Amino acid sequence: MELNLSPEYEAFRQDVNRILTENSHLAPGPEDRGMKHPKRLAWQKFLIENGLTARTIPKEYGGYGAEPDLLKSRIIAEEFARTGIARPMGGQGISMLVPTLLELGTPEQKEAYIRPTLYGEMIWCQGYSEPGAGSDLAAVRTAAVEDGDDFIINGQKIWTSTAKQADMIFCLVRTDPDAKKHEGISYVLFSMETPGIEVRPLVDMTENANFNEVFFTDVRVPQSGIVFEKNKGWQVANATLTHERGMLGDPNATKARFLELVELMKAETLNGERLIDNPLLRDRLIKLQGEVYAMQANGLRVTTASLKRESAGLAGLIVKLQGCELNHQIAGLAIDALGELGILYGEGDHLRADGSWQWRYMYDLGLIIGGGTAQIQKNIISERGLGMPREPKPAKV
Amino acid sequence: MEFALSEDQRMLQDSISGFLKDNASLDTIRKIADGNAEAKAGLDAGLAEMGIMGLYVPEAMGGSGLGLLEACLVQEALGYTVAPSGFLAATVAADLLAKDQATYASGIADGEKVFGLALTELASRRDGSGVTADNGRLSGTSLLADVPTGATHVLVADTSGACHVASGWSAKPMRTIDRTRTFQELAFDGVAAEASTQSDPSALAVARLLVAADTLGAAQAMIDKAVEYAKERKQFGRVIGSFQAVKHLCAEMAAKLEPARALVWHAAYAMDTKDPEALVMANLAKAHLAEVGTFVAKTATEVHGGMGFTDLLGLHYWFKRIGVNRQLFGSPEQVRQTAAELQGLVAA
């Protein structure tokens, strides 16, 4: 066990910190709205060129081309968190599609899509879930029927983030209706400009449209958009979902929220008493602190396993379930601690932290459900982590 | 950076677990719980022979000079098999005495001195009991002392939080839910304090962290037993472990305990490396493991159905181990209060 960094990595940390702080004036702020604001695109380019994002993606596709080094990636993430300077672009194109293309894309697809995606010039959305295919993702019904070199696509997707802004979609469609459900799916890339696509915002409990519904009516797209092979889309999607689950439940983000809660409880008073001085609230706070520290230590364990190219086992499988639940509980305590004012939301004079605790309490509930529900996570933990049997399929009648 | 057990640490785990698997079977534990002194003496002798009592004593004082992380691994293995042992008392005593009482510390390593702990005053002062030190003489009573068989000395905390070494006391057993371990009410009648050390928050933190490690082991054993049982027991024509209602209980236990394991490691590493947050982390670990342990103890019993409630499987020994650990050296609320105080979150 050794948690100190070697001098090489300490020097790397200082370099990263220096580059970020010396150039922070180039970073976009909240006022630079729009995913393709020139300042955002320029900042992304700067970060790639300095190896602070797209770090291990080969130069020929527009990345920085460094050898994979998880510790360096971790240091970079920590320095962005520590300095509070605008992070690199994320989104499903960069975090999910690019790794998938690197693994399974044709040379043409890599050439055409990776560079503009990394540079923020091409925005993607993910067409996975459907009204009838949520936890049971392999039940997708959106149909792609061959017509010459094209597919004609009909159907509906739901929970599609950034569909309004997206230039392109990576989409699961059923290309063989007669095959078993996992074997008739293809993973297809096509333009969101294609005629016949309609995007409708899906307003959620936070009052925002974080997601959309996307409708396809006789949408004609080229078959060359298939990634890997026709009817092998399930394997492709599984490769990508691994990337998504890694994004949810980051313990450093949880720790940062916990510290915000501590500050709130020190600063805010109720009936003349600081919230932190209320022994009941303080006890709940320290109880959560135990969980936050446990998840952070668990994260160190997962990182170590990745460094050694070993499986983290249970320590990895539980992150999404525990991390999302813990975030939700932190927001819940903040609301309780604020007492009556905890219900304020949106705008107004007495709003605390811009109403973000209520927003998080709702949005985090969405994350407990999204990306594999808590119940699906428990199936995965018990089956893959504890070796328990799968629920038997009901007999066909 | 590496947050994982080393090869040596895994070997230590294997050797202690291997020994306990053979020498602290449920049969042996039952005998000990029923007061069979021979069974207890056999286990004590075997553990002493493994050299664990001096594990945390510095090498210069004849010990193995290992860290609290290694001590936690041993304590976890003891908890896994619900084995009673003087290891916790020896380790806490070593922590306190190695600082300026080298003769006592070296006695622990060579087995010449066997320490008991009478530290209730550090965590739970009560009206009507308590030990006072007056001109080097100790008087009064200490509750729930952990005094191993054959103890030659006890480390006793007085009402001011200072700790003393004493070798004369009278003991009265205190029956608890856990019959595998003995707890006693000690009375001191003006006996000489042979050595004294100032109040030191680290001793209590060490004791609490070791209890957390013990609960970690006991809870892991309960999960293993529940999963194994659920894979064998059949109802409605299938193993109950194929019902999601049962699988999800097992998943919840594992999901809570796995990060708790990392917390125990991290806290022990922090104590060993004198991290500024070490005492906070040790207290957080104690409180957190108490909560997770209680959840696992209840849930694992439920997975076993009616059998979990009986004496036939002996699962209750683990349930009670965890229940006692939850209260020892302070209930979760008390321990969280300590953690808050250590962080300056409690107004003076």
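The values are calculated or read from the model by the stated rules, or taken from the named source; none is laboratory data. A quick note: this is a predicted structure, and the numbers were derived from the prediction, not measured. Virtual Cβ from ideal backbone geometry, glycine too; neighbours counted across all protein chains shown. Side chains are part of the model used for accessible areas, which takes the heavy atoms of the whole protein and leaves out ligands, DNA and RNA. Shrake-Rupley method; radii C 1.70, N 1.55, O 1.52, S 1.80 Å.
Only one of these is open to solvent by less than 50 Å² (accessible area, probe 1.4 Å) and away from every other protein chain (no Cβ under 14 Å): A:A42, A:A66, A:A81. Name it.
A:A66
Please list, ordered by first then second residue, the pairs with beta carbon atoms under 6 Å, 6 or more apart or interchain, first in region B:38-58 and more than 13 Å from B:A71 (Cα to Cα), second basic (K, R) and modelled with pLDDT of 95 or more.
B:A39/B:K31
Can you confirm whether region A:309-321 contains a residue that is of a type in the set (D, E, K, R), within 11 Å of chain B (Cβ to nearest Cβ), open to solvent by 30 Å² or more (accessible area, probe 1.4 Å) and over 17 Å from B:H288 (Cα atoms)?
Here is the first cut: in region A:309-321, the residues of a type in the set (D, E, K, R) are A:309-310, A:320.
Checking the rest, the ones that are also within 11 Å of chain B (Cβ to nearest Cβ) come to A:310, A:320.
Add one more test, that the residue is open to solvent by 30 Å² or more (accessible area, probe 1.4 Å), and what stays is A:310.
Those left that are additionally over 17 Å from B:H288 (Cα atoms): A:310.
Within region A:309-321, one or more residues are of a type in the set (D, E, K, R), within 11 Å of chain B (Cβ to nearest Cβ), open to solvent by 30 Å² or more (accessible area, probe 1.4 Å) and over 17 Å from B:H288 (Cα atoms).
For region B:275-300, which residues satisfy the criterion of being without any contact (Cβ under 8 Å) to a residue 40 or more places away in the chain, part of a helix (DSSP H, G or I) and over 11 Å from B:R326 (Cβ atoms)?
If the condition is that a residue be without any contact (Cβ under 8 Å) to a residue 40 or more places away in the chain, part of a helix (DSSP H, G or I) and over 11 Å from B:R326 (Cβ atoms), then B:M281, B:K298 are the ones that fit.
List the pairs whose first member sits in region B:198-223 and is in the same structural domain as B:A297 (by TED's automatic domain parsing), whose second member is β-branched (V, I, T) and not in a helix (DSSP H, G or I), and whose Cβ atoms are under 7 Å apart, counting only residues at least 6 apart or on separate chains?
B:A218/B:V82
Since B:Q9 meets every condition but one in (1) within 14 Å of chain A (Cβ to nearest Cβ); (2) polar (S, T, N, Q); (3) open to solvent by 60 Å² or more (accessible area, probe 1.4 Å), which condition does it not meet?
The failed condition is (3).
Rundown of residues vs (1) facing chain A (nearest Cβ under 9 Å); (2) open to solvent by less than 10 Å² (accessible area, probe 1.4 Å); (3) within 30 Å of B:D95 (Cβ to Cβ); (4) among the aliphatic types (A, V, I, L, M), yes/no style:
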| position | (1), (2), (3), (4) |
| --- | --- |
| B:E232 | no, no, no, no |
| B:R238 | yes, no, no, no |
| B:F243 | yes, no, no, no |
| B:H248 | yes, no, no, no |
| B:M281 | yes, yes, yes, yes |
| B:A287 | yes, yes, yes, yes |
| B:K298 | no, no, no, no |
| B:L312 | no, no, no, yes |
| B:L315 | no, yes, no, yes |
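Checking the condition exposed (fewer than 14 other Cβ atoms within 10 Å of the Cβ), more than 9 Å from chain B (Cβ to nearest Cβ) and modelled with pLDDT under 95, which residue from A:G348, A:G355, A:G372, A:G366 passes? Give the derivation first.
Numbers: A:G355 fails: exposed (fewer than 14 other Cβ atoms within 10 Å of the Cβ); A:G372 fails: exposed (fewer than 14 other Cβ atoms within 10 Å of the Cβ); A:G366 fails: exposed (fewer than 14 other Cβ atoms within 10 Å of the Cβ).
The match here is A:G348.
Do we find a residue being in contact with a strand residue (DSSP E or B) (Cβ under 8 Å, 6 or more places away or on another chain), surrounded by fewer than 23 Cβ atoms within 10 Å (Cβ to Cβ) and not in a loop (DSSP other than H, G, I, E, B) anywhere in region A:115-129?
Looking through region A:115-129, none of the residues is in contact with a strand residue (DSSP E or B) (Cβ under 8 Å, 6 or more places away or on another chain), surrounded by fewer than 23 Cβ atoms within 10 Å (Cβ to Cβ) and not in a loop (DSSP other than H, G, I, E, B).
Hey, among A:R220, A:R141, which residue is touching an Asp or Glu at 6+ places or on another chain (Cβ under 7 Å), part of a loop (DSSP other than H, G, I, E, B) and open to solvent by 10 Å² or more (accessible area, probe 1.4 Å)?
On the way: A:R220 fails: part of a loop (DSSP other than H, G, I, E, B).
The match here is A:R141.
Identify, by number, the condition in (1) surrounded by 18 or more Cβ atoms within 10 Å (Cβ to Cβ); (2) within 22 Å of B:H266 (Cα to Cα); (3) more than 14 Å from chain A (Cβ to nearest Cβ) that B:A24 doesn't meet.
(2)
Quick test for you: out of A:R282, A:R360, pick the one residue that is farther than 30 Å from A:P68 by Cβ and at the interface with chain B (Cβ under 10 Å from one of its Cβ atoms).
Of A:R282, A:R360, the one residue that is farther than 30 Å from A:P68 by Cβ and at the interface with chain B (Cβ under 10 Å from one of its Cβ atoms) is A:R282.
For region A:183-201, enumerate the residues that are more than 24 Å from A:D149 (Cα to Cα) and open to solvent by 40 Å² or more (accessible area, probe 1.4 Å).
Across region A:183-201, the qualifying residues are A:R200, A:P201.
Confirm whether B:T215 is open to solvent by 10 Å² or more (accessible area, probe 1.4 Å), under 25 Å from B:E333 (Cβ atoms) and either of a type outside the set (K, R) or in a helix (DSSP H, G or I) (or both).
Working: open to solvent by 10 Å² or more (accessible area, probe 1.4 Å): no; under 25 Å from B:E333 (Cβ atoms): yes; either of a type outside the set (K, R) or in a helix (DSSP H, G or I) (or both): yes.
In short, no.
Against the definition (part of a loop (DSSP other than H, G, I, E, B) and either closer than 16 Å to A:I114 by Cα or out of contact with any strand residue (DSSP E or B) (no Cβ under 6 Å at 6 or more places or on another chain) (or both)), how does A:K72 come out, yes or no?
Taking the combined requirement at face value, the residue does not satisfy it.
Determine, yes or no, whether A:P394 is facing another protein chain (nearest Cβ under 9 Å) and open to solvent by 30 Å² or more (accessible area, probe 1.4 Å).
Values: facing another protein chain (nearest Cβ under 9 Å): no; open to solvent by 30 Å² or more (accessible area, probe 1.4 Å): yes.
No: the conditions fail for A:P394.
Can you say whether B:A262 is crowded, with 18+ Cβ neighbours inside 10 Å and within 9 Å of another protein chain (Cβ to nearest Cβ), as far as the supplied structure shows?
On the way: crowded, with 18+ Cβ neighbours inside 10 Å: yes; within 9 Å of another protein chain (Cβ to nearest Cβ): yes.
So B:A262 passes the test.
May I ask you to list the residues in region B:65-82 that are in contact with a Pro (Cβ under 6 Å, 6 or more places away or on another chain) and among the β-branched types (V, I, T)?
Result: no residue meets the conditions.
List pairs: first in region A:1-22 and under 30 Å from B:R10 (Cβ atoms), second assigned to a helix (DSSP H, G or I) and among the polar types (S, T, N, Q), Cβ under 8 Å, 6+ apart or cross-chain?
A:M1/B:Q9
Looking only at region B:46-64, which residues are in a helix (DSSP H, G or I), open to solvent by 50 Å² or more (accessible area, probe 1.4 Å) and either within 19 Å of B:D14 (Cα to Cα) or in the same structural domain as B:I177 (by TED's automatic domain parsing) (or both)?
Matches in region B:46-64: B:A48, B:E49.
Can we say B:V206 is surrounded by fewer than 23 Cβ atoms within 10 Å (Cβ to Cβ), more than 14 Å from chain A (Cβ to nearest Cβ) and closer than 30 Å to B:A98 by Cα?
The answer is no for B:V206.
Quick one: in region A:148-164, which of the residues that are open to solvent by 10 Å² or more (accessible area, probe 1.4 Å) and aliphatic (A, V, I, L, M) is nearest to the chain's Cα centre (by Cα)?
So in region A:148-164, the residues open to solvent by 10 Å² or more (accessible area, probe 1.4 Å) come out as A:148-150, A:152, A:154-156, A:158-159, A:161-162, A:164.
So of that shortlist, the ones also aliphatic (A, V, I, L, M) come out as A:152, A:158.
Details: A:I152: 30, A:I158: 17 Å.
Filtering region A:148-164 for residues that are open to solvent by 10 Å² or more (accessible area, probe 1.4 Å) and aliphatic (A, V, I, L, M), the one nearest to the chain's Cα centre (by Cα) comes out as A:I158.
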